[in-house]
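The values are calculated or read from the model by the stated rules, or taken from the named source; none is laboratory data. No experiment lies behind these values; they were computed from the predicted model shown. Glycine gets a Cβ as well: all are built from the backbone with ideal geometry, and neighbour counts include every protein chain shown. Just so you know, the surface numbers come from the protein's heavy atoms only, side chains and all, with ligands and any DNA or RNA stripped out. Shrake-Rupley method; radii C 1.70, N 1.55, O 1.52, S 1.80 Å.
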Amino acid sequence: MNKVMSNKFIIALYVLPSLLLLLAVIYVPIVLTGYYGLNEWDGISPMSFVGLDNYKDLLADTAFWQSAYHSLLLALFSGISLIGYLLIALVLSGKIKGANLLRKIYLIPMLLSSVAIAQLWMKIYHPTNGVLNTVLMSIGIPNPPAWLAEPSIVLFALFIPIIWQYAGFYILIFYAGLKNIPESLIEAARIDGANPLQIALRIKLPLVSEVIKVTVVLSFVGSLKYFDLIYVMTDGGPNGASEVMASYMYHQAFRGFDFGYGSAVAFFLLLICLAATFVIRKVTATKDTIQYS
């Protein structure tokens, strides 16, 4: 009995530094953010407790709900892109020539920082000297749009580099899940006369369903709190046309010096992400035992 207690104590000592770090960088800031959201504070003067006034103002803030709509569009767009990532992973997991080279190419965006990617795509989208508009003019389109300056298209222009940025990450996750499928199952299906499409739909996809659920949660929640590339490329402009919840929170806190309201936005964003995760997990929940006919 004493030996068991001693082992548990040793294990607790090993885990304690990680728990303290987790508390310091995640849970304590969450609690402080919730507390700051209950105050009016410019970051310098003493805080003034206002209760739920910041949250009431937030619910009536049309600019915030517009940014929330933009974040939801990005989340839906990212979710749809998972289908393309999965198809690419299915192809790469097969026996095709050049698969190793293609895997390395898809991983290149993961090696670049968000600032570097933003600068690259700003050059591509440049209205006069950009590669995209140069190509469009060369094929007979005389007045291509200014992609990052037109409110009607700027948001969708930003979706492309964001999806490109994370393509390698999700392809790698899907690829790892597909390669963990026992080859004996695939060979047995081939012997039974299954074609590649049937193997993909009836064997591979059901066996990586848990991986798909994880990627859906990561993609949706990550899109709701996305910030960096949008901040560098457009800073939420023009006129808020590309503002998302995270950039709106940044502008309120660090541009408007309203840290109480900015903290309320941040805490509300946390609640939305938690709710989205809960709903996705409930919708995609399945029984542990699945019977295949």
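Inspect all residues belonging to segment 238-245 and state whether any of them is in a helix (DSSP H, G or I) and either among the aromatic types (Phe, Trp, Tyr) or at pLDDT 90 or above (or both). The answer is yes, given that some residue of segment 238-245 is in a helix (DSSP H, G or I) and either among the aromatic types (Phe, Trp, Tyr) or at pLDDT 90 or above (or both). Of the residues making up segment 87-130, those that are over 20 Å from LEU148 (Cβ atoms) and either of a type in the set (D, E, K, R) or at pLDDT 95 or above (or both) are LYS95, LYS97, ARG103, LYS104.
Restricting attention to segment 224-249, the residues that are open to solvent by less than 40 Å² (accessible area, probe 1.4 Å) and either among the aliphatic types (A, V, I, L, M) or in contact with a strand residue (DSSP E or B) (Cβ under 6 Å, 6 or more places away or on another chain) (or both) total 8. For segment 139-234, the helices (runs of 4 or more DSSP H) that sit wholly inside it and include 2 or more residues that are within 30 Å of LYS282 (Cα to Cα) and among the aliphatic types (A, V, I, L, M) are 154-179, 196-199, 209-224. Scanning segment 4-58 for residues that are without any contact (Cβ under 8 Å) to a residue 24 or more places away in the chain and in contact with a Leu (Cβ under 8 Å, 6 or more places away or on another chain) turns up PHE49, GLY51, LEU52.
Apart from one condition, GLN252 fits all of (1) open to solvent by 40 Å² or more (accessible area, probe 1.4 Å); (2) over 30 Å from GLU150 (Cα atoms); (3) in contact with a helix residue (DSSP H, G or I) (Cβ under 8 Å, 6 or more places away or on another chain); the exception is (2).
Residue-by-condition table, conditions (1) within 26 Å of the chain's Cα centre (by Cα); (2) open to solvent by 60 Å² or more (accessible area, probe 1.4 Å):
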site	(1), (2)
LEU19	yes, yes
VAL50	no, no
TYR55	yes, no
TYR69	yes, yes
SER81	yes, no
LEU87	yes, yes
MET110	yes, yes
ILE117	yes, no
